[in-house]
Amino acid sequence: MTDRKAQLAANLAQVEERIASSCAAAGRKREEVTLIVVTKTYPASDVRILHELGVRHVAENRDQDAAPKATACADLSLTWHFVGQLQTNKVRSVTSYADIVQSVDRTKLVTALSAAAVRGERELGCLIQVALDAESGERGERGGVAPDGVEELAAAIGAAPGLRLDGLMTVAPLAGEYAGRQRAAFDRLMEISSRLRAGHPAANMVSAGMSGDLEDAVAAGATHVRVGTAVLGVRPRLG
Ligand SMILES: *Cc1c(COP(=O)(O)O)cnc(C)c1O
């Protein structure tokens with residue numbers, strides 16, 4: 001095994017142990033939680049190693065980095081998640097490789113994604129990104145729709161050709177009433193998810209939790225955790 005493969009294997013084993021013990025503590029089955037490895041800023045060679053180690057879900061947040069990486073890894077059976085803020089001029093590119101876009105936060109984006117999916121003859125999964133700090137007035141560059149905008153977006157995605165409404169995503173807020181209260185934030189996301197599922201029963205994905213707070217997300221009921229640093233190491237630059 002190369003040094004990098006050994007390192008990634010050890011990190012993955014640690015993350016796996018964290019997910020497994022969080023599931024056990026919450027009385028959940030391990031299979032209820034899917035690990036998505038966030039490979040942003042890391043090379044295609046790492047994606048290839050992760051695939052050899054059994055990873056099947058990867059996520060990226062910038063089209064410029066993700067597009068060539070996805071092309072370089074096109075021979076691997078991987079589900080690609082897009083988790084970054086998405087400008088409409090990048091939608092066509094993202095739709096060519098992403099299976100699921102987790103950062104849908106405005107109707108204009110829904111329209112663009114739908115057109116690109118239809119044109120590319122693809123079905124694209126969509127998660128609505130919820131900004132739990134939308135009312136704090138201190139939101140950063142992370143995107144997301146306020147909780148009271150979720151239903152309108154869900155209806156738009158549900159009616160859009162080429163798109164499939166899969167559920168919700170959030171990033172624990174740095175500002176507002178949920179700052180530093182990850183568990184409360186993820187509990188709130190689960191409430192919003194319950195409401196959403198009442199009208200859209202198939203939209204049952206809940207993507208929450210990263211390297212620092214995946215335990216809170218699993219405890220709250222997340223179905224997908226997005227882990228970068230804890231698997232790949234501290235990123236060389238902000239991403
Ligand atoms: C980078 C990123 C992650 C992973 O964060 P880590 O703290 O490195 O695990 C998860 N979700 C989103 C949206 C990200 O941009």
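The values are calculated or read from the model by the stated rules, or taken from the named source; none is laboratory data. This structure is a prediction, so every number in the text was calculated from the model and none was measured. When we count neighbours, we look across all protein chains shown, and the Cβ atoms used for this are built from the backbone with ideal geometry, even at glycine. Heavy atoms of the whole protein, side chains included, go into the accessibility calculation; ligands, DNA and RNA do not. Shrake-Rupley method; radii C 1.70, N 1.55, O 1.52, S 1.80 Å.
Note down all Cβ pairs under 8 Å where the first residue falls in the stretch 52-75 and is touching a residue at least 60 places away in the same chain (Cβ under 8 Å) and open to solvent by 30 Å² or more (accessible area, probe 1.4 Å), the second is within 15 Å of the ligand (Cβ to nearest atom) and of a type in the set (A, V, I, L, M, F, W, C), and they're at least six residues apart or on different chains.
H57/L35; H57/I36; H57/V37; N61/V38; N61/F82; N61/V83
Looking for something part of a loop (DSSP other than H, G, I, E, B) and either touching a residue at least 60 places away in the same chain (Cβ under 8 Å) or away from the ligand (no atom under 16 Å from the Cβ) (or both) - is there at least one such residue anywhere in the stretch 184-201? Walk me through it before giving the result.
We begin by selecting, within the stretch 184-201, every residue part of a loop (DSSP other than H, G, I, E, B); these are 200-201.
From what is left, the residues that are either touching a residue at least 60 places away in the same chain (Cβ under 8 Å) or away from the ligand (no atom under 16 Å from the Cβ) (or both) are 200-201.
Within the stretch 184-201, one or more residues are part of a loop (DSSP other than H, G, I, E, B) and either touching a residue at least 60 places away in the same chain (Cβ under 8 Å) or away from the ligand (no atom under 16 Å from the Cβ) (or both).
Within the stretch 26-51, count every residue that is touching a residue at least 40 places away in the same chain (Cβ under 8 Å) and open to solvent by 70 Å² or more (accessible area, probe 1.4 Å).
1
Could you please let me know if R4 is more than 16 Å from the ligand (Cβ to nearest atom) and either of a type outside the set (A, V, I, L, M) or open to solvent by 40 Å² or more (accessible area, probe 1.4 Å) (or both)?
Details: more than 16 Å from the ligand (Cβ to nearest atom): yes; either of a type outside the set (A, V, I, L, M) or open to solvent by 40 Å² or more (accessible area, probe 1.4 Å) (or both): yes.
So R4 passes the test.
Taking the stretch 215-239 on its own, how many of its residues are more than 20 Å from F82 (Cβ to Cβ) and either of a type in the set (S, T, Y) or in a helix (DSSP H, G or I) (or both)?
First pass over the stretch 215-239, keeping only residues more than 20 Å from F82 (Cβ to Cβ): 215-216, 218-221, 230, 233-234, 236.
Imposing the further condition that a residue be either of a type in the set (S, T, Y) or in a helix (DSSP H, G or I) (or both) reduces the set to 215-216, 218-220, 230.
Count: 6.
For the stretch 165-178, check the following and say yes or no: at least one residue is away from the ligand (no atom under 16 Å from the Cβ), closer than 18 Å to G84 by Cα and crowded, with 22+ Cβ neighbours inside 10 Å.
Yes - at least one qualifying residue is present in the stretch 165-178.
Open to solvent by 10 Å² or more (accessible area, probe 1.4 Å) and within 16 Å of the ligand (Cβ to nearest atom): which single residue out of V227, V234, V206, V218 fits that description? Even if it seems obvious, please write down each step before you answer.
On the way: V227 fails: open to solvent by 10 Å² or more (accessible area, probe 1.4 Å); V206 fails: open to solvent by 10 Å² or more (accessible area, probe 1.4 Å); V218 fails: open to solvent by 10 Å² or more (accessible area, probe 1.4 Å).
That would be V234, the only listed residue that is open to solvent by 10 Å² or more (accessible area, probe 1.4 Å) and within 16 Å of the ligand (Cβ to nearest atom).
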